[in-house]
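See below for the structure under consideration.
The values are calculated or read from the model by the stated rules, or taken from the named source; none is laboratory data. Small disclaimer: the values here were computed from a predicted structure and weren't measured. Positions of Cβ are generated from backbone atoms using ideal geometry, with glycine treated the same way; all protein chains shown enter the neighbour counts.
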Amino acid sequence: MQDELFDTMMRTIRRYAPYADETQIRKAYAFAQKRHEKQKRKSGEPYIIHPVAVAEIVAEMGLDTDAITSALLHDCLEDTATSYSELASEFGDTVASLVEGVTKLTRVEYASLEEQQMENLRKMFLAMSRDIRVILIKIADRLHNMRTMQYQTPEKQISKSMETMEIYAPLAHRLGMQKIKWELEDYSLQYLDPENYKKIIDYLEAHKETDEAFMREVQQTLENRLQSVGIKSTIYGRIKHVYSIYRKMQVQGKDIDELYDLYAFRVLVDTIPDCYNVLGHIHDLYNLVPGRFKDYISTPKPNMYQSLHTTVIGRQGIPFEVQIRTWDMHQTAEYGVAAHWKYKEGIRTNGDEQQFEWIRRLLETQQDTEAEDYIHSLKVDMFDDEVFVFTPRGKVISLPSGSTPIDFAYAIHSAVGNSMVGAKVNNRIAGYDLPLHNGDIVEILTSKSAKGPSRDWLSICKSNQARTKIKQWFKKERREENVARGKVSFEAELHRLGYDPSIMQGDELRNAVLTKLSFETLDDLYAAIGYGGLTSFKAVSRIKDELTRADRAHTKSSAEQLPFHLPDQTTQKGAVFADSGVIVEDIPSCMVKFARCCTPVPGDDIVGFITKGYGVSVHRRDCPNAAGAEDPAQAGRWVHVEWAPSGIESFSTSLEIASSDRAGLFLDIATIMTSLKIRVSEMSSRTLPEGKAVTLMTFQVHSRDELDTVLARVRAVPGVTDIKRGRA
Ligand code: MN
């Protein structure tokens with residue numbers, strides 16, 4: 001019985017793959033037979049029936065000994081106690097890795113998904129099977145399972161049929177395997193829409209005799225004509241496959257008897273000129289249906305299919321399609337990749353290289369060291385730059401190869417990336433920088449209190465998408481920080497000039513200011529100041545008129561108030577800054593208050609918080625309210641502050657700095673003072689005619705040396721023309 005099974009298989013193999021090594025196949029057969037000994041198919045037959053059938057299909061595809069061997073062993077890793085190393089030592093590494101590849105594909109979880117996802121899944125299949133033989137064996141496996149699907153439960157029939165329709169039939173199509181694609185589709189349809197399937201089958205059955213008579217007649221007519229003109233040809237007539245009729249009915253919204261071209265004829269000839277000759281004779285014999293002629297010989301389909309197609313009207317007005325092609329083209333049409341592969345050895349391609357252009361892109365021939373191997377293994381390289389991974393719910397995500405959990409997180413959503421606190425790959429906690437592999441299941445752990453991306457993520461991630469989103473996060477964070485800083489600086493400037501910063505809350509003034517300074521919102525203005533694109537001094541001096549007007553309207557009694565106060569006129573307000581004894585980094589002349597919660601005193605380690613309303617509030621670093629200072633999400637609002645040097649005798653001095661009216665000059669000087677840790681009590685500047693400006697600055701120094709340092713540094717500021725010592 002089993003020998004009979006083997007003999008039948010060998011007959012098929014010898015017919016389609018005469019080069020196959022019978023010794024190895026016999027060994028694999030015996031091995032699989034033993035391993036599956038106690039297993040039965042759902043049909044009750046011994047399990048070995050299945051691998052044998054798959055091996056026959058693989059042989060029909062024209063594949064090599066290793067592929068046939070692997071087909072016989074394809075379920076050993078999955079369903080029996082066989083190990084990879086056992087396969088490798090018995091049958092070699094190639095067979096072991098082919099079987100392993102098929103096993104991996106078997107484990108891919110399938111759920112019905114939308115179109116793009118299916119495409120990703122199909123690509124993943126191709127990418128996972130680095131050797132195209134893996135896919136071919138897998139397709140053969142599926143074909144036999146579909147052929148024997150009647151023994152499965154209805155649920156399984158439907159789910160397997162959907163999977164076949166969505167993954168395997170398109171794969172077969174992509175690989176150019178028309179015949180297998182049709183068979184897969186017809187079996188699937190049988191379970192997915194049994195009613196309509198039966199309707200079509202019944203119709204075809206009922207019309208069988210007339211159909212066959214019609215096809216015989218056409219075939220005879222064609223044969224006679226071609227024979228009479230001396231063209232050697234083989235002609236087949238067939239009814240189109242069930243699923244293609246079904247599709248036509250669905251797409252055209254017609255009943256089966258309204259459909260035309262259910263019939264297709266195939267004329268196989270030896271040469272390309274013969275193809276065109278045959279076409280001429282057919283168009284001479286029958287009227288053609290306009291718009292139906294297609295020349296896929298001069299323009300092959302992307303899956304390298306070549307043929308001439310035409311539809312003509314036969315006896316009694318029945319239309320039929322004729323496909324004309326060479327035997328080579330036919331082989332390719334039936335078995336696609338496999339056919340090309342097989343034929344490539346026999347026919348040294350030169351001129352017709354071009355027809356396989358796509359396949360060179362898709363597949364790269366792998367140099368095989370074993371000369372006896374008739375067929376070289378093919379590598380799928382097209383997706384080398386992509387990796388396909390799953391979400392825990394089975395959605396396929398495609399990423400650039402080398403991608404990490406960070407890329408994955410941002411591919412899901414920027415909010416997921418920004419709140420990521422960890423990752424699991426295949427249910428194991430993984431590092432952020434772990435490179436992902438095809439088929440990995442990736443889960444991102446998020447937290448509302450996540451600190452957001454860190455800068456080194458930029459060097460870990462591989463996708464532009466992740467990089468852009470991380471940069472956006474930082475830019476947005478910086479904006480908040482800039483807005484906060486700019487607001488403090490702007491309000492300090494208003495305050496210094498004697499205006500209540502709350503003046504900006506008036507709609508009229510705000511709109512006038514925004515128009516004058518060309519900003520959309522106050523935050524935009526603050527961000528520009530915070531960023532350093534505009535100094536608060538400049539901003540405020542440009543809106544002097546608006547401020548005066550608003551202030552006048554606000555407090556009629558202040559009609560005399562100068563828009564610009566000299567330092568000695570603002571001593572009272574100046575004291576606010578001068579007496580704070582705290583230097584705020586980057587923000588000179590900043591209003592400072594001490595937090596009541598921790599009442600810092602000089603010598604305490606302190607930190608400043610930019611308040612929403614009013615300057616910087618200073619906390620002790622160990623104050624519970626300062627705990628947020630370590631939180632990067634609030635980083636923009638916490639500023640570095642220090643105690644101004646004190647305890648030693650200090651004296652107040654002033655400088656009058658003449659300069660050109662240069663944007664940023666005020667900030668440059670302020671920055672120098674901050675960096676020298678010199679407490680500035682007053683600083684103001686005004687523009688003079690002819691592009692000049694003068695800056696007045698009062699500050700505390702402890703020594704002449706310190707003053708000289710200030711003088712030297714300020715003199716070096718670009719635009720500064722002269723410095724005079726002012727009132728002390
Ligand atoms: Mn199987």
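When D131 is tested against (1) among the acidic types (D, E); (2) assigned by TED's automatic domain parsing to the domain that holds E45; (3) under 21 Å from I245 (Cβ atoms), exactly one condition is not met: (3). Summed over the stretch 74-102, residues that are within 14 Å of the ligand (Cβ to nearest atom) and among the aliphatic types (A, V, I, L, M) total 4.
So which residues in the stretch 283-312 are among the β-branched types (V, I, T), within 22 Å of W327 (Cβ to Cβ) and either more than 43 Å from the chain's Cα centre (by Cα) or at pLDDT 85 or above (or both)?
I297, T310 - these are the residues of the stretch 283-312 that are among the β-branched types (V, I, T), within 22 Å of W327 (Cβ to Cβ) and either more than 43 Å from the chain's Cα centre (by Cα) or at pLDDT 85 or above (or both).
Would you check if S447 is of a type in the set (S, T, Y) and farther than 28 Å from E585 by Cβ? Yes; evaluated as a whole, the condition is true for this residue. Checking each residue of the stretch 464-486 against the condition of being more than 30 Å from S684 (Cα to Cα), in a helix (DSSP H, G or I), aliphatic (A, V, I, L, M) and in contact with an Asp or Glu (Cβ under 7 Å, 6 or more places away or on another chain) gives at least one match.
Condition check ((1) surrounded by 15 or more Cβ atoms within 10 Å (Cβ to Cβ); (2) without any contact (Cβ under 8 Å) to a residue 12 or more places away in the chain; (3) not assigned by TED's automatic domain parsing to the domain that holds E585) across all residues:
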{"position": "T698", "(1), (2), (3)": "yes, no, yes"}
{"position": "D708", "(1), (2), (3)": "no, yes, yes"}
{"position": "L711", "(1), (2), (3)": "no, no, yes"}
{"position": "R715", "(1), (2), (3)": "no, yes, yes"}
{"position": "P718", "(1), (2), (3)": "no, no, yes"}
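For the stretch 77-104, filtered to residues that are of a type outside the set (A, V, I, L, M, F, W, C) and touching a residue at least 60 places away in the same chain (Cβ under 8 Å), the residue that is farthest from E22 (Cα to Cα) is K104. Report whether or not L105 is touching a strand residue (DSSP E or B) at 6+ places or on another chain (Cβ under 8 Å), part of a helix (DSSP H, G or I) and within 15 Å of the ligand (Cβ to nearest atom). No. Whenever a residue of the stretch 64-76 is part of a helix (DSSP H, G or I), its partners that are away from the ligand (no atom under 11 Å from the Cβ) and of a type in the set (K, R), lying with C-beta atoms within less than 9 angstrom and at least six residues away or across chains, give the pairs D66/R133; A67/R133; T69/K27; S70/R133; L73/R35; C76/R35. The sole residue among E212, E183 that is at negative phi and either surrounded by 18 or more Cβ atoms within 10 Å (Cβ to Cβ) or polar (S, T, N, Q) (or both) is E183. Against the conditions (1) more than 30 Å from Q152 (Cβ to Cβ); (2) of a type outside the set (G, A, S); (3) touching a Lys or Arg at 6+ places or on another chain (Cβ under 9 Å), E223 satisfies every one except (3).
Restricting attention to the stretch 34-63, and to residues there that are away from the ligand (no atom under 15 Å from the Cβ) and in a helix (DSSP H, G or I), which single residue is nearest to M10 (Cα to Cα)?
A59
H173 meets all of the listed conditions (1) within 18 Å of F265 (Cβ to Cβ); (2) in contact (Cβ under 8 Å) with a residue 60 or more places away in the chain but one, namely (1).
Conditions tested, residue by residue: (1) modelled with pLDDT of 85 or more; (2) in contact with a helix residue (DSSP H, G or I) (Cβ under 7 Å, 6 or more places away or on another chain).
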{"site": "W643", "(1), (2)": "no, no"}
{"site": "S646", "(1), (2)": "no, no"}
{"site": "E649", "(1), (2)": "no, no"}
{"site": "T653", "(1), (2)": "no, yes"}
{"site": "E656", "(1), (2)": "yes, no"}
{"site": "L665", "(1), (2)": "no, no"}
{"site": "S703", "(1), (2)": "no, no"}
{"site": "A716", "(1), (2)": "yes, no"}
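Considering A17, A32, A28, A55, which residue is surrounded by 15 or more Cβ atoms within 10 Å (Cβ to Cβ), modelled with pLDDT under 85 and over 37 Å from the mean Cα position of the chain (by Cα)? Spell out the reasoning first.
Values: A32 fails: modelled with pLDDT under 85; A28 fails: modelled with pLDDT under 85; A55 fails: modelled with pLDDT under 85.
Being surrounded by 15 or more Cβ atoms within 10 Å (Cβ to Cβ), modelled with pLDDT under 85 and over 37 Å from the mean Cα position of the chain (by Cα) holds for just one of A17, A32, A28, A55, which is A17.
Scanning the stretch 23-32 turns up at least one residue that is of a type in the set (F, W, Y), farther than 21 Å from I132 by Cα, in contact with a Leu (Cβ under 8 Å, 6 or more places away or on another chain) and more than 14 Å from the ligand (Cβ to nearest atom).
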